[in-house]
Amino acid sequence: MGLLVFSSCCILFHAATTTVTSTATTYRDTTPKVVVSSKNASGYNFRWPGPIGHRVITVDANGGGHFRSVQDAIDSIPDNNRMNVLIQISAGVYVEKVVVPVTKPYITLQGAGRDTTAIEWHDRASDRGPNGQQLRTYRTASVTVFANYFSARNITFKNTAPAPLPGMEGRQAAAFRISGDKAYFSGCGFYGAQDTLCDDAGRHYFKECYIQGSIDFIFGNGRSMYKDCELHSIATRFGSIAAQDRRSPYEKTGFAFVRCTVTGSGPIYVGRAMGQYSRIVYAYTYFADIVAHGGWDYWNGADNKNKTAFFGVYKCWGPGAAKISRASLAQELDYEAAHPFLVKSFVNGRHWIAPSDA
């Protein structure tokens, strides 16, 4: 969001409702807003409560749009952006590494279809960056988003690095990293192997997405809901779906998988305790017969995560479901305990997700 310095000394708090509509995403933000003014420009900053106006940018690899490159389109947006910007990306494969900086909120990437529009790159954790140092996992992402109010629709993100065998080091290769708050994804594809989707930080909502990988292919400390998504394992010897990194009992982070479908090859763990207070819940989810014995993994038994992590199951089904619901590491939830993870309020969604988008 844009920053502007005002010139008075009083700070006024008020609860405002801002409704913003674009052809891609509707944001409805009812969180309290801060109006700041400073008489002597003493450093108070004002965060605009919502975007003003609309802009459409087209990208076509064949030259039929404003730009041939997705990154060029993003670079054309000014810092401290205050507009809803829709970047329409024509069908094609865009081989490039893309970054949306924190200074550019309110951007939507909209493809021509998950099966026809893709952004891909091939970095691995052991690869060297421009400074000669290893990239490590978080910097391998083909697309990285640091900005708030990002959305993506009908597009695929890939990391095309070869899938590693279990135990191989430095082969983590993320397709996408989301580190901004209030991000929305609909009809998107995420393809990789180890560490496909870095759900790093912030509140996120994934609807009808396809996420493919082998080891910890959804990981991070986001506060995220995955609804009606397909989680597809390409594990050969063993693998795992989600590794959640909640580190404190006071954090509200966690992964909630609702009405999802787990398919592919195995055996796989459905969740691992990356953080001391890891929190993962599956509800109304179908599991193919690919779940490993025990279903869940505490990552490191020496940390006593069996006393602090929260693994929950509610009304899951399919031939693999019994292995996760009957596991000693997971809790079979009743409706009262499951309900907070079933609704978009888990990510404060009523403040920023339109009813039609949920």
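Between Arg237 and Arg350, the FRET efficiency estimated from the beta carbon spacing at R0 = 41 angstrom works out to 0.45.
On a full-extension model of 0.36 nm per residue, what is the gain between Lys252 and Ser126, subtracting their alpha-carbon distance, rounded to one decimal in nm? Kindly include the intermediate steps, with their values, before the conclusion.
Working: separation 126, 0.36 × 126 = 45.36 nm, distance 3.21 nm.
Roughly 42.2 nm would be gained on extension.
Relative contact order of the chain: 10 percent, from C-alpha pairs under 8 Å at least 6 residues apart in sequence. Other residues lying with their Cβ under 13 Å from the Cβ of Lys227 contribute a combined charge of -1, Lys and Arg counting +1, Asp and Glu -1. Other residues with beta-carbon under 11 Å from the beta-carbon of Lys104 carry, at +1 per Lys or Arg and -1 per Asp or Glu, a net charge of -1. Cross-link pairs exceeding 30 Å between alpha carbons, from the set Lys104/Lys344; Lys227/Lys305; Lys158/Lys182; Lys104/Lys158; Lys104/Lys307; Lys97/Lys307: Lys104/Lys307; Lys97/Lys307. The alpha carbon centroids of the range 160-191 and the range 113-127 are separated by 9 Å.
Summarising the strand pairing of the chain, around 10 percent of its internal DSSP beta bridges are antiparallel.
Sum up the charges of everything whose Cβ sits under 12 Å from the Cβ of Val145, counting Lys and Arg as +1 and Asp and Glu as -1, but leave Val145 out.
That sum, taken over residues with Cβ under 12 Å, equals 0.
In terms of overall dimensions, the chain has a Cα radius of gyration and Dmax of 20.7, 67 angstrom. A Förster radius of 35 Å, combined with the Cβ-Cβ distance separating Ala322 from Asp72, puts the computed FRET efficiency at roughly 0.10.
Remark: the range 243-254, residue by residue, has Karplus-estimated 3J(HN,Hα) of 10, 9, 10, 4, 10, 9, x, 8, 6, 9, 6, x Hz, where x stands for each Gly or Pro and the curve is 6.51 cos²θ - 1.76 cosθ + 1.60 at θ = phi - 60°. Between the range 82-110 and the range 227-276, how far is it from one alpha carbon centroid to the other, in angstrom? The range 82-110 and the range 227-276 have Cα centres separated by 27 Å.
For the range 251-358, the Kirkwood estimate of the hydrodynamic radius, built from every pair of different alpha carbons, is 14.5 Å.
GNM on the chain, alpha-carbon springs under 10 angstrom: the most fluctuating residue among Gln110, Gln71, Gln212 is Gln71.
Each value in this text was obtained by applying a stated rule to the coordinates, not by laboratory testing. Because the structure is predicted, anything quoted here is derived from the model rather than measured. Neighbour counts run over all protein chains shown; Cβ positions are idealised from the backbone, glycine included.
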